[in-house]
There are 2 protein chains.
Amino acid sequence: MEIKVVRKVLDVNDTMAEQNRKMFSEKGIFVLNVMSSPGSGKTAILEKTLSFIMPDIKSAVIVGDICTSNDADILAKTNVPVVQVNTGEFGGDCHLAAHVIGNAANNLDLDDIDFLIVENVGNLVCPAEFDIGESARVVVLSVTEGEDKPVKYPLMFRECNAALLNKVDLLPYLDYDKEMAIGYIHQINPDMPVFEISAKTEEGFDPWIDWLKKKVRQM
Amino acid sequence: MEIKVVRKVLDVNDTMAEQNRKMFSEKGIFVLNVMSSPGSGKTAILEKTLSFIMPDIKSAVIVGDICTSNDADILAKTNVPVVQVNTGEFGGDCHLAAHVIGNAANNLDLDDIDFLIVENVGNLVCPAEFDIGESARVVVLSVTEGEDKPVKYPLMFRECNAALLNKVDLLPYLDYDKEMAIGYIHQINPDMPVFEISAKTEEGFDPWIDWLKKKVRQM
């Protein structure tokens, strides 16, 4: 019974996601859905990413959190428009659903945006199941989380278009086998680009920013 | 509609959880539900914890993962009985439900166990909503995940009886304000014991093991 209900919720979500996709496409907006475990560094990455692309590309952010506006407060300092969505504390709120993104987008001037980032709720499981009408999906994985997350949470890695391996500045202090981690990613998603970065030191940002700009400009 | 359905699923779960609780209580088994984000170090902590308590306390483990038996394989080396539960990849499987624990417990000799550890699916959101009939709940938080997780995922911290602040061996290499993190924990759950540990160096394990042994013996 539970599965059947979840399927129905996802069907409704898919319909709303297609409406979003059509709307974003008509406005020529590239929408990036950024997902990860809690604490892998999504907000810090987005802060740096925006500082690199902002001169060229008009951007905005929708930030999803169960509680607090901490991440939106940080991102607001970049001077891009930020909409905070708080999903509340109860069931079904461990992810951003398509109708939530549709509503949040109403708070943005879509004619003045080329690139919309959605920072999803910190969760490596549920968000992967919900299409929000995005153009591409990125998963962030911190090197402090161990090597085997791609094979333990395969749906997330199968559904994403690129992976950001963050906090590489900590590698000297960890027993972390980076090649093993990248091998696991490619076991799930053979052609996935993996960008090794540090939001703290800005190491490795150039290829990531190039990839992103190309995607936005193709829109 | 979605919320109503989730409520119904949780009601059924509560009934099953009470059955589990009665069964574990009759057998005199202390059940610890261990929850956290992916990659915070649950398995490494449990491996060390078992090595400290095993001479005194007969233990077993139920390990929940969406995919793989990596964690069970590691824990099996401690020579305690381990049951791996794979929840599969689809909706409703981002947590361990009470009926899953009831079924898994059937694979253990409950007359020969005083302490049952349940390593939940790596997820700081959904598992907190599901009572599995446990005696106590512990949340693991890694210092690499940033300070504000308690206020961003308050239900988890409200519902747990203790917090393990893991990977403190990495503190010299991080910009991490430990007092701020503990302050956030106590903002959500004022009396929560916080054990600062490193599963890598075994730093800080003594007070944690003492707390745990006391709990098991009170059962």
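Each value in this text was obtained by applying a stated rule to the coordinates, not by laboratory testing. Keep in mind that this is a model prediction, so the values were computed, not measured. Backbone-built Cβ (ideal geometry, glycine too); neighbour counts: all protein chains shown.
Quick check on my filter: what residues within segment A:202-215 are of a type outside the set (D, E, K, R) and either over 13 Å from A:L50 (Cα atoms) or free of Cβ contacts under 8 Å to residues at least 40 places away in the same chain (or both)? Lay out the reasoning, then the answer.
Taking segment A:202-215 first, the residues of a type outside the set (D, E, K, R) are A:204-205, A:207-209, A:211-212.
If the condition is that a residue be of a type outside the set (D, E, K, R) and either over 13 Å from A:L50 (Cα atoms) or free of Cβ contacts under 8 Å to residues at least 40 places away in the same chain (or both), then A:G204, A:P207, A:W211 are the ones that fit.
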| field | Residue list for segment B:89-126, restricted to those being out of contact with any Pro (no Cβ under 8 Å at 6 or more places or on another chain), under 30 Å from A:L10 (Cβ atoms) and either more than 10 Å from chain A (Cβ to nearest Cβ) or basic (K, R) (or both) | value | B:A98, B:H99, B:V100, B:I101, B:G102, B:N103, B:A104, B:V118, B:E119
| note | Filtering segment B:88-124 down to residues that are within 13 Å of the chain's Cα centre (by Cα) and farther than 20 Å from B:S59 by Cβ yields B:H95, B:V121, B:G122, B:N123, B:L124
| task | For residues that are polar (S, T, N, Q) and out of contact with any Ser or Thr (no Cβ under 9 Å at 6 or more places or on another chain), scanning just segment B:50-74, find the one that is farthest from B:L212 (Cα to Cα). | result | B:T68
| said: Need the failing condition index for A:R21 against (1) surrounded by fewer than 15 Cβ atoms within 10 Å (Cβ to Cβ); (2) within 17 Å of A:R137 (Cα to Cα), just the number. | reply: (1)
| task | Using the structure shown, decide if B:L165 is touching a helix residue (DSSP H, G or I) at 6+ places or on another chain (Cβ under 7 Å) and either more than 19 Å from B:L124 (Cβ to Cβ) or of a type in the set (G, A, S) (or both). | result | no
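Right, A:P193: over 18 Å from A:G146 (Cβ atoms) and of a type outside the set (A, V, I, L, M, F, W, C) or not?
Working: over 18 Å from A:G146 (Cβ atoms): yes; of a type outside the set (A, V, I, L, M, F, W, C): yes.
Yes.
Looking for whichever is more than 14 Å from chain A (Cβ to nearest Cβ) and closer than 18 Å to B:V34 by Cβ here; the options are B:F130, B:F195. Which one fits? Break it down stepwise before answering.
Details: B:F130 fails: more than 14 Å from chain A (Cβ to nearest Cβ).
Result of the check over B:F130, B:F195: B:F195.
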| said: Which pairs turn up if I take residues in segment A:165-176 that are at the interface with another protein chain (Cβ under 8 Å from one of its Cβ atoms) and at positive phi and look for partners that are part of a helix (DSSP H, G or I) and crowded, with 19+ Cβ neighbours inside 10 Å with beta carbon separation below 8 Å, at least 6 apart in sequence or on another chain? | reply: A:K167/A:V143; A:K167/A:T144; A:K167/B:T144
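From the residues in segment B:77-90 that are of a type outside the set (S, T, N, Q) and within 20 Å of A:M156 (Cα to Cα), which one is surrounded by the most Cβ atoms within 10 Å (Cβ to Cβ)?
Top of the filtered list is B:V85.
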| Could you say whether any residue in segment A:25-35 is among the acidic types (D, E) and in contact (Cβ under 8 Å) with a residue 60 or more places away in the chain? | no
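Any idea which of A:I57, A:I74, A:I53 is within 12 Å of chain B (Cβ to nearest Cβ), farther than 22 Å from B:C94 by Cα, surrounded by fewer than 24 Cβ atoms within 10 Å (Cβ to Cβ) and among the aliphatic types (A, V, I, L, M)?
Details: A:I57 fails: within 12 Å of chain B (Cβ to nearest Cβ); A:I53 fails: within 12 Å of chain B (Cβ to nearest Cβ).
Criteria check complete, one pass: A:I74.
Can you give me the ranges of the helices (runs of 4 or more DSSP H) entirely in segment A:135-219 with at least 2 residues that are surrounded by fewer than 19 Cβ atoms within 10 Å (Cβ to Cβ) and hydrophobic (A, V, I, L, M, F, W, C)?
Numbers: elements: A:149-152, A:154-159, A:178-188, A:205-218.
Ranges flagged: A:178-188, A:205-218.
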